[in-house]
Number of protein chains: 2
Amino acid sequence: MNYPNGKKQANSQTNAWSNTGKAYGNRGMTLEEDINATNSFYLDSEIAVIHKKPTPVQIVKVNYPKRSAAVITEGYFKQASTTDYNGIYRGKHIDFEAKETKNKTRFPLANIHEHQLNHMRAVQKHGGISFLLIRFAQLDETYFFPAENLFQYWDDKLKGERKSLPYQVIKNSGYLIPFQFQKRIDYLAVIDKLYF
Amino acid sequence: MNYPNGKKQANSQTNAWSNTGKAYGNRGMTLEEDINATNSFYLDSEIAVIHKKPTPVQIVKVNYPKRSAAVITEGYFKQASTTDYNGIYRGKHIDFEAKETKNKTRFPLANIHEHQLNHMRAVQKHGGISFLLIRFAQLDETYFFPAENLFQYWDDKLKGERKSLPYQVIKNSGYLIPFQFQKRIDYLAVIDKLYF
């Protein structure tokens, strides 16, 4: 844990410090925006190549107007069969899902689909690194939660034991990622610590 | 080369043999369909986890009808910033683009976008395996063409030297992938030979 035990912070300006000692809060960006900015920084700095996958769309009708771009006029959102983000870092395959919750005390497992969990298991089995990034929006805290820890709680859920990850579990077996200026959500720093 | 030198075949039934000695031709499936079937086989057999990324769509308007699914009523195709396929195999990050051409004598480099090539360079730099799968539809031949070989021809193109990969170059510095029944385009067999 990067963060003093159990102490809750009142606002975003005080819960994370960059390397330079200056405070950076979330400033109203979504988790997705923060991750995209972080991935752009990783890419531009030649640290890693990690991208968000496009939203899967079932395209039903397309119009081809003369002298202009094709227009999709009927399409539907499809359920993703994998996680949203993947790529490569230090030779390792990286694969993760990012979820934001307004809940302050737990992360409901209904946020993750079973085929996404199976995908994460398969990735780990083949030697990749899989994890969740979980943001508690109200607390302005973002955690790295390793897939192995998730699997255990998931299997308990299937046995009817739990339907969510308690905040304290995420705090204790996850890793708080402090906000920074450029690498807003520097999840690779956690990977450096855990896997290299 | 898996295939006798320079000999051209008249039809799809005779240009590839499976491990059991029985011939399998392309049978009118597109390269994308063949790759998707192959990736499904890899996934189901727990050989590898490799998926096609969804087509990137810029979603402009969405209707939310009562009691039914959201409908995208205005959307546009966006240019992909990466390759179409990626995943993990034997601990390695796999990343490739697949292209079909009706041309019999060359593969026009205009089929590949510069940012895709840059993406492939970045993947290789970070320790991944990147390549093209090129199908000559008229010849019913599909080749594995390593990214390193592509980069060289690409740089020549930028110097104004060439605008395509000649068929003979692909034949000589690529690897013919024979059609098979389940692993229709068994490109991982080439990776086994080249990288392990």
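The values are calculated or read from the model by the stated rules, or taken from the named source; none is laboratory data. For clarity, every value in this text was computed on a predicted model and none was experimentally measured. Heads up, the Cβs are rebuilt from the backbone with ideal geometry, glycines too, and the neighbour counts pull from every protein chain shown. Accessible surface areas use protein heavy atoms only, side chains included; no ligands, DNA or RNA. Shrake-Rupley method; radii C 1.70, N 1.55, O 1.52, S 1.80 Å.
Give the relative contact order (percent, whole number) for region B:74-118; include only Cα pairs under 8 Å separated by 6+ residues.
35
Using the Karplus equation 6.51 cos²θ - 1.76 cosθ + 1.60 (θ = phi - 60°), what ³J(HN,Hα) coupling, rounded to whole Hz, does each residue of region A:183-196 give in order, writing x for Gly and Pro?
Ordered by residue, 3J(HN,Hα) equals 7, 3, 10, 7, 5, 5, 4, 5, 4, 4, 5, 7, 10, 10 Hz.
So what does A:ASP84 come to for accessible area, using a 1.4 Å probe and Å² rounded to 10?
Rounded to the nearest 10, the figure is 40 Å².
Hey, what do the phi angles of region B:105-120 turn into as Karplus ³J(HN,Hα) couplings, whole Hz, using 6.51/-1.76/1.60 and θ = phi - 60°, x for Gly and Pro?
10, 7, 10, x, 5, 4, 5, 10, 8, 4, 5, 5, 5, 4, 4, 4
Treating only the Cβ atoms of Lys and Arg (+1) and Asp and Glu (-1) as charged, compute the dipole magnitude of the protein assembly as shown about its Cα centre; round to the nearest 20 debye.
Here the protein assembly as shown has a charge dipole of around 520 debye.
Let me cross-check B:SER173: its accessible surface, 1.4 Å probe, with only protein heavy atoms counted, in Å² to the nearest 10?
So the heavy atoms of B:SER173 present about 40 Å² to solvent.
Defining a contact as two alpha carbons under 8 Å apart and six or more residues distant in sequence, what relative contact order in percent does region A:32-129 show? Present the calculation step by step, with values, prior to reporting the outcome.
Numbers: 118 pairs, mean separation 21.9, N = 98.
Relative CO of region A:32-129 lands at 22 percent.
Please find, in a Gaussian network model of chain A (springs between Cα atoms separated by less than 10 Å), the residue of A:PRO54, A:PRO166, A:PRO178 whose mean-square fluctuation is greatest.
A:PRO54
Where the only charges are on Cβ atoms (+1 Lys, Arg; -1 Asp, Glu), what is the dipole of region A:28-195 about its Cα centre, to the nearest 20 debye?
It comes to approximately 380 debye.
Bin all alpha-carbon pair distances of region A:119-167 at 5 Å intervals from 0 and give each bin's fraction as a whole percent.
5, 18, 23, 22, 19, 11, 2, 0
Where both residues lie in region A:28-195, what percent of DSSP beta bridges are antiparallel, nearest 5? Write down the numbers at each step before the final one.
Numbers: 27 of 35 bridges.
Antiparallel bridges: around 75 percent, rounded to the nearest 5.
Once you place label points 7 Å from the Cα toward the Cβ at A:PHE181 and B:GLN182, how far apart are they in nm?
With each label placed 7 Å out from Cα toward Cβ, I get 5.6 nm.
Report the percentage of all Cα-Cα pairs in region A:131-196 whose separation exceeds 19 Å, rounded to a whole percent.
Value for region A:131-196 (Cα pairs over 19 Å): 35 percent.
Using Cα-Cα distances under 8 Å and only pairs 6 or more residues apart, what relative contact order does chain A have, in percent?
With pairs under 8 Å counted, the relative contact order is 24 percent.
Rounded to whole Hz and in sequence order, give me ³J(HN,Hα) for region B:80-90 from the Karplus expression 6.51 cos²θ - 1.76 cosθ + 1.60, θ = phi - 60°, writing x for Gly and Pro.
5, 9, 10, 7, 7, 10, 7, x, 9, 8, 6
Rank B:HIS51, B:ALA147, B:SER130 by how far each Cα sits towards the positive end of the charge dipole of region B:44-196 (+1 on Lys, Arg Cβ; -1 on Asp, Glu Cβ) and give me just the farthest.
Among B:HIS51, B:ALA147, B:SER130, the one farthest towards the positive end of the dipole of region B:44-196 is B:HIS51.
Each label point is 7 Å from the Cα along the Cα-to-Cβ direction; what then is the distance between the points at B:LYS99 and A:SER45, in nm?
3.3
So what is the 222 nm mean residue ellipticity for the protein assembly as shown from helices alone, if each DSSP H run of at least 4 adds -39500 (n - 2.57) and you divide by all residues, rounding to the nearest 500 deg cm²/dmol?
The per-residue figure over the protein assembly as shown is -8500 deg cm²/dmol.
Taking amide H positions as placed 1.01 Å from N in the peptide plane, with prolines and chain starts having none, which residues 5 or more places from B:TYR89, or on another chain, fall under 5 Å of its amide H?
Those qualifying (amide H under 5 Å, at least 5 residues apart or on another chain) are B:ILE94.
Could you work out the longest stretch of chain B that avoids the GluC sites (Glu not before Pro) located in DSSP loops with at most 10 other Cβ atoms within 10 Å?
Longest gap between qualifying sites, sites excluded: B:47-160.
Binning at 10 angstrom from zero up to the longest distance, how are the C-alpha pair distances of the protein assembly as shown distributed in percent?
4, 20, 27, 25, 15, 7, 2, 0
How big is D, in µm² s⁻¹, for chain A by Stokes-Einstein at 4 °C and 1.567 mPa s if Rh is the Kirkwood radius over C-alpha pairs?
71
7 Å from Cα along Cα→Cβ at both A:GLU161 and B:THR73: what's the point-to-point distance in nm?
Here the answer is 4.9 nm between the modelled labels.
Which one, A:HIS113, A:TYR175, A:THR38, is farthest towards the positive end of the dipole of the protein assembly as shown when Lys and Arg carry +1 and Asp and Glu -1 on their Cβ?
Positive-end residue among those listed: A:HIS113.
Using every alpha carbon pair in region B:75-175, what percent of pairs falls into each 10 Å bin from 0 up to the bin containing the largest distance?
Calculated over all Cα pairs of region B:75-175, the distribution is 15, 48, 32, 6, 0 percent.
Report, in whole Å, the centroid distance computed from the Cα atoms of region B:93-154 and region A:57-101.
Distance between centres, Cα-based: 22 Å.
Run the paramagnetic zone check for B:THR30: 7 angstrom along Cα to Cβ, then residues of region B:39-80 with backbone nitrogen under 14 Å.
What the label zone holds, given the 14 Å backbone N cut-off, is B:52-56.
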